[in-house]
Every structure is written in C-alpha cells, then in structure tokens.
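Below is one structure, written out as structure tokens; the observations come after it.
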C-alpha cells in the first residue's frame with residue numbers, strides 16, 4: 001500500500017511540474033508582417049533612348065533672297081545611352097493595388113548629324129545645310145498605378161517630361177550668310193508628356209529590380225538659325241565674327257522619343273512603431 005501511494009504521489013508531482021512549466025513558457029513569436037510595396041524608395045536606372053526629330057525647313061540666298069528660295073525636310077533624331085536616378089513613394093492600400101509618384105533625372109548621350117542638300121524650286125543644287133542634334137539632360141515627374149502579385153508589380157506610368165535639346169546648324173557653302181562654315185547653335189528646354197509601363201520584382205523586402213519603357217512627346221519647336229547676332233564662324237578664319245545674316249532660314253522640329261531602361265530601387269522601411277509587448281502570463285500554482 002505504501003509503495004502504491006509513493007508511485008501515485010510521484011505521478012501527481014510530475015504532472016504538476018509539467019503544467020507549471022507550460023504556464024511559464026514564453027508565447028511563440030508573432031509571424032512576420034506580410035510584404036508591402038508601400039514606402040519611400042530611391043534608385044538608379046540605365047538604358048537606351050532613340051528620338052525622332054522630323055525637321056521641315058526653308059531659306060533664302062544671302063545675295064539674291066528674292067530669287068533663290070530653298071527648302072526641304074530631313075530627320076535628325078539622336079539616339080544613345082541614357083541613365084540617372086529616381087526617387088518615389090508607393091502606397092499599397094490592399095494586397096492588389098499600388099499607386100504612387102516618382103521623379104527621375106537622366107544624363108543622356110543622344111546625338112546625330114545630317115546633311116541636307118540645298119535645292120531651289122527650279123531643281124538647282126547650291127550646296128548643303130548641315131545639322132547636328134544632341135540631348136544631354138532629361139527629367140520627369142510621373143504618377144504610377146500598378147497591380148501587385150506578391151513580390152511582382154505590373155505598373156503603368158504617365159506625367160510630365162522635360163528635355164534639354166541642342167541643334168547646331170552649319171552653312172557649309174555660305175549660301176545663307178556668304179561665309180562658308182558659319183554655324184549657329186540653338187539650345188532649348190522643352191516640356192512635354194510621357195507615358196509607359198514596366199515590371200518590378202522585389203528581391204528582398206527592401207531591394208527590387210525593374211524594367212521600363214516610356215514614350216515622350218515634346219511637340220513642335222521652331223528655330224531661326226543664322227539670325228542670331230552671336231553666330232560664329234568655325235571654318236573660314238578670314239570671315240568676320242559675328243557673321244552677318246544675309247539670308248533667312250526657318251526650321252520646324254517635331255520631337256518625340258522612346259526609351260527602354262532597367263534599374264534598381266531600395267525601399268526604406270515605414271517608420272511604424274512596433275506593437276507593445278503582451279503582458280507576461282500569470283503564474284498559476286497548483
């Protein structure tokens with residue numbers, strides 16, 4: 001009888017100890033928060049851009065402007081590498097939709113040179129007009145709207161684009177100015193609209209990579225080369241500088257651009273204070 005009492009007592013003590021230890025065990029850690037695209041992000045991008053610049057022009061002879069009227073059209077769309085940085089802010093109100101705003105600035109190495117023959121209304125050829133175009137800096141401010149599939153984001157984007165565009169005209173034969181080699185560079189800053197779309201993938205909770213296409217349209221621009229009193233002579237060292245503008249030239253541009261870029265972004269964690277720790281469980285004695 002005594003032996004049975006001891007065995008029962010040992011079992012009760014073991015069960016009580018196990019229950020007491022279970023009461024004192026810390027609760028399991030909370031699950032990690034679900035991934036979100038919300039937050040401020042900063043990154044860089046690089047790619048290729050090709051512009052289309054269709055130029056219609058006309059001009060007159062410096063010596064007999066009423067007799068020799070020339071004109072025509074040519075394309076001088078520059079192309080090249082484009083790359084820079086971006087800064088944006090996303091908001092993801094539910095698991096599916098993401099919207100935000102993004103600003104970019106790019107340095108561009110876009111350039112192209114062309115040679116247009118001077119042909120009058122009677123079909124006579126008088127030489128050529130050379131033109132060289134380049135774009136060095138571009139920027140944009142755009143809205144973004146996307147659909148999230150977990151860590152994959154498909155988005156469309158659109159807004160305002162700004163470009164710096166330079167065109168150098170060279171009077172190769174002196175037809176317009178009587179001094180061969182006279183050149184004039186016209187620089188403009190032009191705003192237009194841009195739209196496109198892309199795909200982004202979050203490698204980690206903070207780092208993501210992207211690929212994006214955008215089309216930008218900067219509208220119509222009109223240049224009046226050689227009417228600038230500061231036009232310079234680069235080839236004929238004996239001509240006066242500034243060179244007189246005896247003839248008249250007008251060139252009308254229509255500028256648009258397509259670009260494809262890849263990039264990366266770092267998303268900063270939202271500054272949300274962690275929830276308060278739960279109170280320790282009560283100690284239950286048995």
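The values are calculated or read from the model by the stated rules, or taken from the named source; none is laboratory data. In this text the structure is predicted, and so the values were computed from the model without any measurement. Reconstructed Cβ throughout: ideal geometry from the backbone, glycine too, with neighbour counts over all protein chains shown.
Conditions (1) at pLDDT 75 or above; (2) within 30 Å of residue 227 (Cα to Cα); (3) not in a loop (DSSP other than H, G, I, E, B), marked per residue:
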| position | (1), (2), (3) |
| --- | --- |
| 5 | no, no, yes |
| 9 | no, no, yes |
| 21 | no, no, yes |
| 31 | no, no, no |
| 49 | yes, no, yes |
| 56 | yes, yes, yes |
Candidates 109, 80 - the one that is at positive phi and surrounded by fewer than 16 Cβ atoms within 10 Å (Cβ to Cβ): 80
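For residue 204, indicate whether it is without any contact (Cβ under 8 Å) to a residue 24 or more places away in the chain, part of a strand (DSSP E or B) and over 22 Å from residue 49 (Cα atoms).
No: the conditions fail for residue 204.
Matching residues to (1) part of a strand (DSSP E or B); (2) within 26 Å of the chain's Cα centre (by Cα); (3) farther than 30 Å from residue 129 by Cα:
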| residue | (1), (2), (3) |
| --- | --- |
| 155 | yes, yes, yes |
| 168 | yes, yes, no |
| 173 | no, no, no |
| 189 | yes, yes, no |
| 192 | yes, yes, no |
Selected residue (only one of 96, 89 is modelled with pLDDT of 85 or more, exposed (fewer than 13 other Cβ atoms within 10 Å of the Cβ) and over 30 Å from residue 250 (Cα atoms)): 96
Odd one out for residue 27, checked against (1) within 30 Å of residue 204 (Cβ to Cβ); (2) in contact with a strand residue (DSSP E or B) (Cβ under 7 Å, 6 or more places away or on another chain); (3) modelled with pLDDT under 75: (2)
Out of 83, 72, 77, sole residue that is assigned to a strand (DSSP E or B) and at pLDDT below 90: 72
